[in-house]
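Engineer: Structure incoming, see below.
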Amino acid sequence: MLTYDEALQIVLETVTPRPPVLVPLASASGRVLAAAVISSRNLPTRDNSAMDGYAFAWNEQIAEHPLPVIDFVAAGHARQLAVPVGNAVKIMTGAPLPPDCDTVVPIEDIEELDGSIRLKTTTQQGDNVRYCGEELRCGELILDAGTSLFAGEIGLLAAAGIESVQVYPAPRVAILSTGDELVELGTPPVDGKIINSNAYLLASRLHEAGCEPILLGIARDTPEELESALKKGLKADLLLTTGGVSVGDCDHVQESLIKLGFTRKFWKVAIKPGKPVLFGTINDQPVFGLPGNPAATAATFELFVLPALRRLAGFPSTRPPRLRVTLTEAIKGGGKRQRFLWGRLEICNGSFCFTSAHYQGSGQNRSLQGAQALLPIAEHSPDLAAGSEVEILLLRMPPGQP
Ligand code: AMP
Ligand code: MG
């Protein structure tokens, strides 16, 4: 049976990014740039004042005489006329420096006389001036292809006048829940039925990951119903099923996929939970058959599907991020398969510590409650003592500190 690392490698070799699209900047948050962005202007566009203060042409003797204040320049207004040597203009932060002025003294550092100012501190030529192009030059690279666009990048691009960008679009992910036992939320689960909670779990996680879920509902465990429901997911960028991929008498997902042209890349990985996970393609579309038990669905989603989605979305790094943390408790060593334990991260004395979830059963929704990390435990590894350093897979950052 494949190991997790071997199986993940296959996923990452199979999946390729979606074709880029041009989007308005306001829609680019969370996306990855598909093409470099070059500046077509200087930033700042003109020399301007970094302070509320007074601008003048500097010379060695500037502090010796009072400077008559001959004008006022607010941000967004430009004085076209030069300021004669020995005079000053009052200037607000961001206002363009008038011609011939090269220095600004802050309001706090002058003494106001009647219509003039006297400098209280020594100044250097060029003090408190932001120069044209000091942040960005016309023709300079602003952001390279492969950059993730978050608030800081979006603000920078807007400041540089970039109205639209080439990005990898958000992956559209079809989700089909399978199983005779399933009912939708809102229908009472009588006679051993259970609610299709996996669809909610996956849609929620997809939203968090900046993807677009497409819910295909529930298919019963018959090859015919599965096949016709699966067909509806073939236009998405990635197709996910839950349930029906194990070896039970009612597990028909794989044979139905094969009728639709499925090429299997792997089935079953030596992990717990999530062993029966299935992966392959229909034409070039990646398809995952996730096991139905909620904690197995969620674990295989984190371990395989999210990396595939990051690849589709153009992220250069796709594997789950790893972090060294301290165990708050002793944890039993590994068995026959690599285990993944759900757990909570907290900040203890300035670094992260990990506490495993009380519930770890693959059928238990509560294992995921409050979990920010998965702790991999290698097969046949020794017990871990409280206080040991371990490496976890980071799923999300813990909430703020009290
Ligand atoms: P399966 O992988 O089809 O053998 O399903 C294993 C178990 O997972 C089922 O017996 C259900 O208890 C549970 N399960 C399957 N599908 C879902 C679902 N969509 N939502 C919640 N639990 C599910
Ligand atoms: Mg089933």
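The values are calculated or read from the model by the stated rules, or taken from the named source; none is laboratory data. Note that the coordinates shown come from a computational prediction; the quantities given were computed from them, not determined experimentally. Here the Cβ positions follow ideal geometry from the backbone for every residue, glycine too, while neighbour counts run over all protein chains shown. Note: accessible area is taken over every heavy atom of the protein model, side chains too, but ligands, DNA and RNA are not part of it. Shrake-Rupley method; radii C 1.70, N 1.55, O 1.52, S 1.80 Å.
Engineer: Tell me, which residue of region 212-256 that is within 13 Å of ligand 2 (Cβ to nearest atom) and among the acidic types (Asp, Glu) is surrounded by the fewest Cβ atoms within 10 Å (Cβ to Cβ)?
Structural biologist: Once the filter is applied, the top-ranked residue is ASP249.
Engineer: Of the residues GLY343, GLY350, which is more than 16 Å from ligand 2 (Cβ to nearest atom), outside the structural domain of GLY210 (by TED's automatic domain parsing) and in contact with a Phe, Trp or Tyr (Cβ under 6 Å, 6 or more places away or on another chain)?
Structural biologist: Just one listed residue meets the conditions, GLY343.
Engineer: In region 124-149, what count of residues is obtained for those that are farther than 15 Å from TYR168 by Cβ and assigned to a loop (DSSP other than H, G, I, E, B)?
Structural biologist: Filtering region 124-149 for residues farther than 15 Å from TYR168 by Cβ gives 124-142.
Then drop every residue that is not assigned to a loop (DSSP other than H, G, I, E, B), which leaves 124-128, 131-135, 137-140.
Final tally of qualifying residues: 14.
Engineer: Only one of GLY314, GLY335, GLY343 is in contact with a Lys or Arg (Cβ under 8 Å, 6 or more places away or on another chain), buried (at least 17 other Cβ atoms within 10 Å of the Cβ) and not β-branched (Val, Ile, Thr). Can you tell me which?
Structural biologist: GLY314
Engineer: Moving on to the next point. Working only within region 157-178, note down all residues that are in contact with a Leu (Cβ under 8 Å, 6 or more places away or on another chain), open to solvent by less than 40 Å² (accessible area, probe 1.4 Å) and under 20 Å from PRO17 (Cα atoms).
Structural biologist: VAL165, VAL167, PRO171, VAL173, ALA174, ILE175
Engineer: State whether the residues of region 140-150 include one that is modelled with pLDDT of 95 or more, within 16 Å of ligand 1 (Cβ to nearest atom) and within 33 Å of the chain's Cα centre (by Cα).
Structural biologist: Looking for residues that are modelled with pLDDT of 95 or more, within 16 Å of ligand 1 (Cβ to nearest atom) and within 33 Å of the chain's Cα centre (by Cα), one finds none in region 140-150, hence no.
Engineer: Let me confirm something: among LEU234, LEU257, which residue is more than 13 Å from ligand 1 (Cβ to nearest atom), part of a loop (DSSP other than H, G, I, E, B) and touching a strand residue (DSSP E or B) at 6+ places or on another chain (Cβ under 8 Å)?
Structural biologist: Numbers: LEU257 fails: part of a loop (DSSP other than H, G, I, E, B).
None of the other options fit; the residue is LEU234.
Engineer: Right, something else. Being crowded, with 22+ Cβ neighbours inside 10 Å, outside any helix (DSSP H, G or I), assigned by TED's automatic domain parsing to the domain that holds THR222 and away from ligand 2 (no atom under 16 Å from the Cβ) is the requirement here; does PHE301 meet it?
Structural biologist: no
Engineer: Which of the residues that make up region 185-211 are surrounded by 15 or more Cβ atoms within 10 Å (Cβ to Cβ) and β-branched (Val, Ile, Thr)?
Structural biologist: ILE195
Engineer: Return the residues of region 281-298 that are open to solvent by 40 Å² or more (accessible area, probe 1.4 Å) and more than 16 Å from ligand 1 (Cβ to nearest atom); say none if nothing qualifies.
Structural biologist: ASN283, ASP284
Engineer: With LEU185, LEU156 as the choices, which residue is within 16 Å of ligand 1 (Cβ to nearest atom) and either under 31 Å from the mean Cα position of the chain (by Cα) or not in a strand (DSSP E or B) (or both)?
Structural biologist: LEU185
Engineer: Spot the failing condition for PHE266; the list is (1) touching a strand residue (DSSP E or B) at 6+ places or on another chain (Cβ under 7 Å); (2) within 16 Å of ligand 2 (Cβ to nearest atom); (3) not charged (D, E, K, R), and only one is missed.
Structural biologist: Of (1) touching a strand residue (DSSP E or B) at 6+ places or on another chain (Cβ under 7 Å); (2) within 16 Å of ligand 2 (Cβ to nearest atom); (3) not charged (D, E, K, R), only one is false for PHE266: (2).
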